[in-house]
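First comes the structure, then the notes that go with it.
The values are calculated or read from the model by the stated rules, or taken from the named source; none is laboratory data. Only a predicted model underlies this, so the values are computations on that prediction, with no experimental measurement involved. All Cβ positions, glycine included, derive from the backbone under ideal geometry; neighbour counts span all protein chains shown. Side chains included, ligands, DNA and RNA excluded: accessible areas come from the protein's heavy atoms. Shrake-Rupley method; radii C 1.70, N 1.55, O 1.52, S 1.80 Å.
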Amino acid sequence: MHNVRLDQIENTRQKSASDPSAAELKASFEGRWHADEGSVQFSGPVKFPKGEVTFEADFPPFLGGDGRAPTPLAYCFYGAMCCYGATFATQAAIAGVEIEDLRIRLNLSVDFRAALGLGEYPPLSKFEFDVEVKSPASDDEIQKVKKLADERCPAIWAMDNKVEYETRAIKA
């Protein structure tokens with residue numbers, strides 16, 4: 001339904017009822033800082049089931065880059081927007097709500113004063129996700145799908161819950 005393979009989702013749902021690892025996506029990334037002039041600042045491969053692509057990132061000039069590629073945060077924000085949009089479309093399909101077209105926008109701002117050592121300032125504004133859905137479904141049905149997406153989107157969950165992390169630095 002609208003490019004969501006419900007049979008695969010149902011198969012995963014059934015398998016993961018007895019084997020939690022069936023619903024798990026493991027992620028591992030590696031990248032490299034480029035110290036040479038004239039290059040983007042950072043790049044690395046991103047693998048997926050049917051291929052691989054190289055992501056490149058460069059800070060904008062006001063943060064010491066040259067703006068040759070998206071900022072590192074652009075990938076995070078695009079990922080959050082894509083995750084919410086994909087969750088919305090998937091939850092609609094599972095609920096039997098047809099989508100003819102779905103467009104999503106994310107607006108926010110980043111304050112780099114703390115990163116520049118100018119004091120303690122919250123770096124991120126509110127994330128504003130706007131989803132525009134073309135569908136024969138009623139407004140109530142669309143709002144029910146929105147509620148499911150809000151409850152089930154991993155990106156929204158990560159914004160609502162502290163995600164543990166660990167950092168290490170070693171001299172090569």
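Odds and ends about this structure:
- Residue range of the chain that is longest and free of trypsin sites (Lys or Arg not before Pro) which are both DSSP loop and sparsely packed (at most 16 other C-beta within 10 Å): 69-112
- Cα Rg over Rh - the stretch 1-103, Kirkwood: 1.10
- One equal scatterer on each Cα of the stretch 44-114, no solvent, Debye formula: the resulting log10 I(q)/I(0) at q = 0.24 Å⁻¹ is -1.12.
- Over the chain: helical MRE at 222 nm, DSSP H runs n ≥ 4 each giving -39500 (n - 2.57), nearest 500: -10500 deg cm²/dmol
- Mean projected area (nm²) of the alpha-carbon convex hull when the chain is viewed from all directions: 13.6
- P(r) tail fraction, the stretch 70-153 - alpha-carbon pairs more than 17 Å apart, %: 53
- Taken one residue at a time, the phi angles of the stretch 119-133 give Karplus couplings (6.51, -1.76, 1.60, θ = phi - 60°) of x, 9, 9, x, x, 10, 7, 5, 7, 10, 9, 10, 10, 10, 10 Hz. Gly and Pro are set to x.
- Candidates PRO61, GLN143, GLY31 compared by Cα position along the dipole of the chain: farthest toward the positive end lies GLY31, with charges placed on Cβ.
- Length-normalised contact order of the stretch 22-104 in % [C-alpha pairs under 8 Å, at least 6 apart]: 15
- PHE42 long-range amide H proximity, modeled H, under 5 Å: HIS34, ALA57
- Counting only alpha carbon atoms, the long axis of helix 72-94 and the longest principal axis of the chain meet at about 0°.
- Selection of GluC sites (Glu not before Pro), the stretch 91-145, meeting DSSP coil and at most 10 other Cβ within 10 Å: GLU100, GLU120
- Restricting attention to the stretch 28-172, lysine pairs at least eight places apart or on different chains and with alpha-carbon atoms under 29 angstrom apart total 13.
- The fraction of accessible area contributed by carbon and sulfur in the chain is 53 percent, rounded to a whole number (1.4 Å probe; ligands and nucleic acids excluded).
- Acute angle (nearest 10 degrees) that the helix 139-152 long axis makes with the longest principal axis of the chain, alpha-carbon atoms: 50
- Taken about its Cα centre, the stretch 26-172 carries a charge dipole of roughly 400 debye when the Cβ of each Lys and Arg holds +1 and the Cβ of each Asp and Glu holds -1.
- Per residue, the accessible area of the chain comes to 76 Å² when a 1.4 Å probe rolls over the protein heavy atoms.
- With θ taken as phi - 60° and the Karplus curve 6.51 cos²θ - 1.76 cosθ + 1.60 applied, the whole-hertz 3J(HN,Hα) list for the stretch 14-22 is 5, 5, 6, 4, 10, 9, x, 5, 5 Hz, x standing for glycine and proline.
- Candidates per chymotrypsin sites (Phe, Trp or Tyr not before Pro) in the stretch 1-53, loop by DSSP, up to 14 other Cβ within 10 Å: PHE29
- For the stretch 98-112, Karplus couplings with θ = phi - 60° (6.51, -1.76, 1.60), whole Hz, Gly/Pro x: 6, 10, 8, 7, 9, 10, 9, 10, 10, 10, 6, 9, 10, 9, 8
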